[in-house]
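The values are calculated or read from the model by the stated rules, or taken from the named source; none is laboratory data. Not measured: the values here are computed from a predicted model. Here the Cβ positions follow ideal geometry from the backbone for every residue, glycine too, while neighbour counts run over all protein chains shown. Side chains are part of the model used for accessible areas, which takes the heavy atoms of the whole protein and leaves out ligands, DNA and RNA. Shrake-Rupley method; radii C 1.70, N 1.55, O 1.52, S 1.80 Å.
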Amino acid sequence: MSSFSDLNLPEILLKTVESLGYKEPTPIQEKAIPSMLQGRDVIGAAQTGTGKTAAYALPTIVHLTAAREELAKPFPRALILVPTRELAIQVDEAFKKFAAGTPIKLALIYGGVSYGAQLAALKEGANVVVATPGRLLDLQERRQIDLSKIEVLILDEVDRMLDMGFIEDVSRIIRLCPRERQTLLFSATINRTIREIAGWALREPVEIDVRSSALTADTISHAIYPVPIFQKYDLLLALLERTRYNSVIVFTRTKRDADRITEWLQANRISVTTMHADRSQNERIAALKGFRDGKYNVLVATDIASRGLDISGVSHVINYNVPEHPEDYVHRIGRTGRAGNEGEAFTLFSPDELSQLKAIEQLLGKTIERKKLEGFLYRQEPLMFNSTAVPAKKKRRNR
Ligand code: ADP
Ligand code: MG
């Protein structure tokens, strides 16, 4: 077992990680930090919840603080590019914690809000910029940010950035940075497009893959609740009433569903808030903050909240619909059972969703247990479909 003190980190950072309660480095931290400290480029393949932020933030802090006078330079020297505003906020917060006690200044850049504070942070000589692609390019076009002196470029959640159609933007941003730089690329999946980007944007990268064959953390237990489609609302409420939870995220397929379910749960006196793309940036921030701080116990959200967001203490994830894309199941479920905590994942399943469920079980390589909620008045006997799920060659577990 390794410890942070084996990683050649300066004393101040060892104290910081200790004060954050980190006892030992996660696998990606253990493997990536030494290469980064040597100045190598890195491709890191890791699922969410594996501690990537510290893996890239700690060596970046070492690099930036190597010489005091360098920190007084009035332009950014490190750029962290992330797909969504929520992630940008989260990475900025985490980075600030890791950099506590150092003079490092950050600027947080994302769209949908006014420019004032962001421009001010840049003018004050931010050393590190955490940004989403759109607003960053916007500021670059207005000549409000100088990327020509970036020494460390971090591309976080690259698969998600590509899914969101940011490939052109990301490529342009990479080209705006100097050739002579350190580049770190993180992604949960490494596909051909990502390899291509790595091919021209990275130099002899060290490849680190800490993905386990199990796609979801083994601290999470999964259950499928078959239910007639017209009883989904009722079953959701019954599940919430019978379950001892700290905090729950309920995922819905559409924004409309998210709003309807939120109203309906509110009417049932459940402390609930909602997050989806049609809510304003301020509403989204308030929802997330209220949920994090425990003001609300239930967050109803579309997949906008399913990737990368680190919300600690989420005890349950409930899929109101079976997710359409099997990877979304993995991402949604990844919101619970983080950092070794226990988590439960419930999926409400109506018979029209059988093909999506099969796709998920194929991806996981296992059948998820079907459950019936005792004491719930099923208006039709729920269809259990237990024998249909996994092709014969795959292992059957959890039966
Ligand atoms: P990722 O970016 O891989 O999804 P994060 O960087 O958001 O993961 O980290 C997930 C959670 O794990 C955070 O709450 C973080 O504080 C915590 N964490 C990170 N590294 C460690 C560690 N070495 N020990 C304990 N907790 C950690
Ligand atoms: Mg992350």
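Tell me yes or no: at least one residue of region 339-346 is more than 14 Å from PRO226 (Cα to Cα), modelled with pLDDT of 85 or more, of a type outside the set (Gly, Ala, Ser) and open to solvent by less than 10 Å² (accessible area, probe 1.4 Å).
Taking every residue of region 339-346 in turn, none turns out to be more than 14 Å from PRO226 (Cα to Cα), modelled with pLDDT of 85 or more, of a type outside the set (Gly, Ala, Ser) and open to solvent by less than 10 Å² (accessible area, probe 1.4 Å).
Identify, please: which residue in region 14-50 is more than 12 Å from ligand 1 (Cβ to nearest atom) and assigned to a loop (DSSP other than H, G, I, E, B) and is, among those, nearest to ILE197 (Cα to Cα)?
Looking at residues that are more than 12 Å from ligand 1 (Cβ to nearest atom) and assigned to a loop (DSSP other than H, G, I, E, B), I get ASP41.
Check region 101-108 and report whether any residue there is within 16 Å of ligand 2 (Cβ to nearest atom), open to solvent by 10 Å² or more (accessible area, probe 1.4 Å), free of Cβ contacts under 8 Å to residues at least 24 places away in the same chain and not hydroxyl-bearing (Ser, Thr, Tyr).
Within region 101-108, one or more residues are within 16 Å of ligand 2 (Cβ to nearest atom), open to solvent by 10 Å² or more (accessible area, probe 1.4 Å), free of Cβ contacts under 8 Å to residues at least 24 places away in the same chain and not hydroxyl-bearing (Ser, Thr, Tyr).
Contact list please: Cβ distance under 6 Å, first residue in region 174-186 and at pLDDT 95 or above, second residue in a helix (DSSP H, G or I), pairs at least six apart or on different chains.
ILE174/ALA201; THR183/ALA201; LEU184/TYR56; LEU185/VAL158; LEU185/ALA198; PHE186/LYS52
If you go through region 51-90, how many residues are more than 24 Å from PRO10 (Cα to Cα), touching a strand residue (DSSP E or B) at 6+ places or on another chain (Cβ under 6 Å) and either part of a helix (DSSP H, G or I) or of a type in the set (D, E, K, R) (or both)?
1
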